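Pasting in a structure now, in structure tokens, and then I'll have a few things to ask.
The values are calculated or read from the model by the stated rules, or taken from the named source; none is laboratory data. From a predicted model like this one, the values you see are computed outputs, not experimental measurements. Note that we place each Cβ from the backbone using ideal geometry, even for glycine, and neighbour counts take in every protein chain shown.
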Amino acid sequence: MPPVTFLLIDCHAHLTHPQFSSDRGQVLAQARQRGVGAVVVVGEDEADNQAVLAGPGPGENQPAWLPFLGLHPDRWADTRHTPQGPQALPPAENLEEQLARVEAQIRENRHRIAGVGEVGLDRWVCQQQAPRQAQAQALIRLAALAKALDLPLNVHSRSAGRVTLELLREHQARRVLMHAFDGKAGHALEGARAGYLFSIPPSVLRSPQKENLVRALPLESLLLETDSPVLGPDPRGRNEPANLPLVVEAVARLKGIPPGEVAERTTATARAWLGWAG
């Protein structure tokens, strides 16, 4: 497939992941060659946020690195899913203290970052009531902080799509992106009516649920992401931002419109969500 000429924005990726430690520069260069103009790089906890902030320096032949700082909901996990079945995990310690430090990181770096995330709810790895409540309180606090600082919010909602949307609406969260939403299209439509955006990863090539989401939502509610290194076109391979044009092609096919229109309109929506004119 030839590269998309209109510069794209990958709205959710984990480029500080160890899978990229040996070739991150090459990964970025390949993404730029494929028409990716910027990558939103999300942090998962205090230490990962520091890595996101460090990032690579500006490069002539690589996409812009847009740092988001957050605290991933899987840090409250009480269950590990294995081929032998679910296994209980011991309670996580000091998450309240880490949440406070992450809030401080966000405030201190307000003018260095592009947004808040990854944050959210995860009922797949969190099945007990107490950690679910702690996840929800963390999301409420971080969504409120993003709103106070006028920053976009990058939200995870695995096995918790409806309840996450309800919580965000209840607390009047703004500039919300629901990344790789795995819930029902009808719930997503309710979120879209509230002004929330939904980013589509390359797994749309193999996921009927993601196809249904694309068909159901208006194009103005859609953004593009990779969630690198996961959610690629092949579940066995490492996903990269260079796969973003595959999402453009898939959305264009499902919507029955030209790929160039998908590229242009999703990029314009992403710039508005980010408040980024780079």
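Please find, within segment 31-52, the residue that is surrounded by the most Cβ atoms within 10 Å (Cβ to Cβ) out of those that are aliphatic (A, V, I, L, M), in contact (Cβ under 8 Å) with a residue 40 or more places away in the chain and in contact with a strand residue (DSSP E or B) (Cβ under 6 Å, 6 or more places away or on another chain).
So, considering only residues that are aliphatic (A, V, I, L, M), in contact (Cβ under 8 Å) with a residue 40 or more places away in the chain and in contact with a strand residue (DSSP E or B) (Cβ under 6 Å, 6 or more places away or on another chain), the one surrounded by the most Cβ atoms within 10 Å (Cβ to Cβ) is Val40.
Still on this structure, I have one more. Enumerate the pairs (first residue in segment 219-241 and closer than 17 Å to Ala38 by Cα and without any contact (Cβ under 8 Å) to a residue 40 or more places away in the chain; second residue anywhere and part of a loop (DSSP other than H, G, I, E, B) and among the hydroxyl-bearing types (Ser, Thr, Tyr)) with beta-carbon separation below 7 Å, excluding pairs fewer than 6 apart on the same chain, so at least 6 apart or on different chains.
Asn239/Thr226; Asn239/Ser228
Hey, among the residues in segment 76-114 that are more than 22 Å from the chain's Cα centre (by Cα) and among the β-branched types (Val, Ile, Thr), which one's farthest from Leu139 (Cα to Cα)?
So the residue we want is Thr82.
Give the residues of segment 28-62 that are of a type in the set (Gly, Ala, Ser) and either under 15 Å from the mean Cα position of the chain (by Cα) or on the phi < 0 side of the Ramachandran plot (or both), sorted by residue number.
Correct list: Ala29, Ala31, Gly37, Ala38, Gly43, Ala47, Ala51, Ala54, Gly57, Gly59.
Yes or no: segment 176-184 includes at least one residue that is charged (D, E, K, R) and on the phi > 0 side of the Ramachandran plot.
No.
Here is a further query. For Leu142, are the conditions met, namely being out of contact with any Leu (no Cβ under 6 Å at 6 or more places or on another chain), touching a residue at least 40 places away in the same chain (Cβ under 8 Å), closer than 23 Å to Trp273 by Cα and surrounded by fewer than 16 Cβ atoms within 10 Å (Cβ to Cβ)?
No; evaluated as a whole, the condition is false for this residue.
OK, next. Only one of Lys255, Lys210 is under 18 Å from the mean Cα position of the chain (by Cα) and over 18 Å from Phe20 (Cα atoms); which?
Criteria check complete, one pass: Lys210.
Check every one of the helices (runs of 4 or more DSSP H) wholly within segment 182-278 and list those with 1 or more residues that are aromatic (Phe, Trp, Tyr).
The qualifying helices (runs of 4 or more DSSP H) are 259-274.
Related question: Mind checking which residues of segment 37-54 are part of a helix (DSSP H, G or I), touching a helix residue (DSSP H, G or I) at 6+ places or on another chain (Cβ under 9 Å) and either at pLDDT below 95 or not acidic (Asp, Glu) (or both)?
Answer for segment 37-54, where residues must be part of a helix (DSSP H, G or I), touching a helix residue (DSSP H, G or I) at 6+ places or on another chain (Cβ under 9 Å) and either at pLDDT below 95 or not acidic (Asp, Glu) (or both): Asn49, Gln50, Leu53.
Out of segment 198-230, which residues are of a type in the set (A, V, I, L, M, F, W, C) and closer than 20 Å to Trp65 by Cα?
Scanning segment 198-230 gives Ile200, Leu223, Leu224, Val230.
Would you mention how many residues in segment 55-99 are closer than 19 Å to Asn109 by Cβ, surrounded by 11 or more Cβ atoms within 10 Å (Cβ to Cβ) and of a type in the set (Gly, Ala, Ser)?
Qualifying residue count for the region: 3.
What pairs come up if the first residue lies in segment 90-106 and is under 19 Å from Ala54 (Cα atoms) and in contact (Cβ under 8 Å) with a residue 24 or more places away in the chain, the second is surrounded by 11 or more Cβ atoms within 10 Å (Cβ to Cβ) and of a type in the set (D, E, K, R), and their beta carbons are under 7 Å apart, counting only those six or more places apart or on different chains?
Arg101/Glu46; Val102/Glu46; Glu103/Arg141; Gln105/Glu46
Which of the residues that make up segment 159-174 are outside any helix (DSSP H, G or I) and closer than 16 Å to Ala146 by Cα?
Result: His171, Gln172, Ala173, Arg174.
A further question on this structure: Among (1) of a type in the set (A, V, I, L, M); (2) surrounded by fewer than 15 Cβ atoms within 10 Å (Cβ to Cβ); (3) touching a Ser or Thr at 6+ places or on another chain (Cβ under 9 Å), there is one condition Ala277 misses while meeting the rest; what is its number?
With respect to (1) of a type in the set (A, V, I, L, M); (2) surrounded by fewer than 15 Cβ atoms within 10 Å (Cβ to Cβ); (3) touching a Ser or Thr at 6+ places or on another chain (Cβ under 9 Å), Ala277 is out only on (3).
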